[in-house]
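Contents: one structure, followed by commentary.
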Amino acid sequence: MLPKKEEIRDKVVLVGLNSPVLREDSATEESMDELSALVETAGGETAGIVLQNRPAPDPRTFIGEGKVAEVQLYVENVGATMVIFDNDLSPSQQRVLTELLGVQVLDRCGLILDIFAQRAKTKEGRLQVELAQYRYLLPRLIGMWSHLERQGGTSGKGPIGSKGPGETQLETDRRLINKKIDKIRADLEEVRRVRATQRQQRQKNEIPVVAIVGYTNAGKSTLLNQLTGAAIPANNRLFDTLDTTSRLLTVSDTMDVVVSDTVGFIRKLPHQLVEAFKATLEELEYADLLLHVIDVSNPEWQHQAEVVEKLIVELGANEIPRIDVFNKCDRVEAGDLRPHGADICSISARTGEGVDRLLEMIDRRLDKGTRRVTIHLPYDKGGLLDMLYREAKVESVEYSETIDIVAVCPPKVLGQIGDYTPDWTPPKEDWE
């Protein structure tokens with residue numbers, strides 16, 4: 001029996017404007033291909049692509065009256081139900097284009113918001129997407145529905161029952177949306193408070209945090225699955241997973257870390273989403289190490305890496321130590337030159353190739369002198385056992401001629417009990 005195909009939500013014509021005035025928002029063949037992949041992720045089907053070159057956007061129609069007529073004819077010929085622009089449209093441009101083209105018009109930002117709304121599963125994720133949607137919707141209220149501009153009669157000459165307080169429906173809806181935005185922000189502040197409490201507990205327990213970042217579909221969830229057995233669904237499509245997942249990972253016999261997956265980045269990521277997801281992304285600021293996952297099999301990997309770099313800087317995490325993890329190396333020809341360096345690791349998260357070396361690099365970067373040692377405490381020094389339970393990870397205690405303790409100890413603890421650990425050798429840097 002053949003698998004049931006997903007129902008196509010819309011047949012879409014994609015339109016992009018390439019203009020030097022737009023700079024980073026300018027559409028290219030690569031960004032249009034990515035937009036087509038986003039449409040597929042959203043459940044739509046691309047019926048055609050129109051890329052327009054123009055010195056500057058038209059203030060009213062963005063691509064010019066002639067090009068709009070051309071797109072309108074194209075839409076009719078292919079039976080499209082929607083037009084999506086690769087660029088950001090102003091609310092007035094979106095309204096005018098919808099009227100002229102006779103079908104719904106979205107921009108790249110609106111499409112990504114729709115995908116996020118479909119994919120977010122946790123309460124926190126849904127809150128963040130809802131906040132971004134309201135922030136996107138607010139300036140677009142006017143003209144979206146004609147009833148929003150009608151005002152209750154104030155002169156007494158309107159129909160019976162139309163006498164109103166003198167406030168338009170548009171103003172009422174704006175006020176209600178602003179109230180909802182304030183409520184969601186308050187809920188997200190509570191999320192931040194809970195995260196801060198969890199963070200303080202981790203810091204108290206001295207558990208390092210490793211954050212996985214990268215472009216969407218670079219293989220972040222697959223890497224987390226490979227490292228921790230998290231069993232997160234990891235499909236080959238953009239923004240397949242949005243909700244943050246954290247798992248405990250034993251890197252070596254002396255180090256445990258918390259590994260956190262983060263939402264994928266993308267070029268032209270809507271600023272509403274960056275702002276809304278700061279409750280999650282602020283974890284990057286407090287991470288001890290970043291793993292920047294790069295899909296080395298993608299011809300655009302250098303540009304994608306630059307996009308992630310810029311967002312890392314925007315989020316204030318550019319000073320955090322980082323390992324660049326070049327993923328999907330199994331899809332690259334053996335003769336191709338792979339990036340290499342002290343903080344670069346080539347892996348295949350799918351097959352597990354190179355993961356052992358990555359663990360060694362993580363251990364080396366986060367190693368702060370923690371050691372597993374056997375401690376032989378005289379009974380008159382038994383009071384140190386309480387300190388070990390507080391400051392170290394005690395694995396076993398046996399009472400014989402001495403109190404024999406196996407524990408994983410940070411340097412400050414080793415300094416206090418060094419006389420009772422005959423098998424402990426100070427690090428080489430302490431010899432000099």
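The values are calculated or read from the model by the stated rules, or taken from the named source; none is laboratory data. Owing to the predicted nature of the structure, the values given are computational and were not obtained by experimental measurement. Glycine also receives a Cβ, built like all others from the backbone with ideal geometry; neighbour counts cover every protein chain displayed. Ligands, DNA and RNA are excluded from the accessible area calculation, which covers all protein heavy atoms including side chains. Shrake-Rupley method; radii C 1.70, N 1.55, O 1.52, S 1.80 Å.
Please list 29-40, 306-317, 255-266 highest first by mean number of surrounding beta-carbon atoms within 10 Å per residue.
Sorting 29-40, 306-317, 255-266 by mean packing, highest first, produces 255-266, 29-40, 306-317.
Please list the non-local residues whose amide H lies under 5 Å from the amide H of THR46, H modeled 1.01 Å from N, same-chain partners needing a gap of 5 or more.
VAL12
Count the net charge of all other residues whose Cβ sits under 10 Å from the Cβ of ILE405, scoring Lys and Arg as +1 and Asp and Glu as -1.
Net charge in that neighbourhood comes out at -3.
What list of ³J(HN,Hα) couplings, whole Hz, do you get for the stretch 92-107 from phi and the Karplus terms 6.51, -1.76, 1.60, once you set θ to phi - 60° and write x for glycine and proline?
After applying 6.51 cos²θ - 1.76 cosθ + 1.60, I find 5, 4, 4, 5, 5, 5, 4, 5, 6, 8, x, 9, 5, 10, 10, 10 Hz.
Label-point separation (nm) for ARG140 and GLU285, each offset 7 Å from Cα along Cα-to-Cβ?
3.0
When the scattering of the stretch 1-82 is computed by the Debye formula from its Cα atoms alone, each counted once and equally, what is log10 I(q)/I(0) at q = 0.23 Å⁻¹?
-1.14
Extension gain HIS271-VAL313, at 0.36 nm per residue separation less the Cα-Cα distance, in nm?
Fully extending the segment from HIS271 to VAL313 adds 13.7 nm.
Please compute the net charge surrounding LYS67, taking Lys and Arg as +1 and Asp and Glu as -1 over other residues with Cβ under 13 Å from its Cβ.
Charge balance near LYS67 sits at -1.
Summarise the accessible area of the stretch 321-392 (1.4 Å probe, protein heavy atoms) by the percent that is carbon and sulfur.
The C+S portion of the solvent-accessible surface of the stretch 321-392 is 47 percent.
With a probe of 1.4 Å, find how much accessible area the stretch 1-132 has per residue, and write the answer as a whole number in Å².
With all protein chains present, the stretch 1-132 gives 50 Å² per residue.
Compute the FRET efficiency between ARG54 and GLU171 as 1/(1 + (r/R0)^6), taking r as their Cβ-Cβ distance and R0 = 35 Å, and round to the nearest 0.05.
0.45
Can you pick out the pairs among LYS121/LYS220; LYS180/LYS310; LYS123/LYS183; LYS220/LYS310; LYS220/LYS328 whose Cα atoms lie more than 20 Å from each other?
In this structure, LYS180/LYS310 lie more than 20 Å apart at Cα.
In square angstrom, rounded to the nearest 10, how much accessible surface does TYR389 have for a 1.4 Å probe?
Approximately 130 Å² for this residue.
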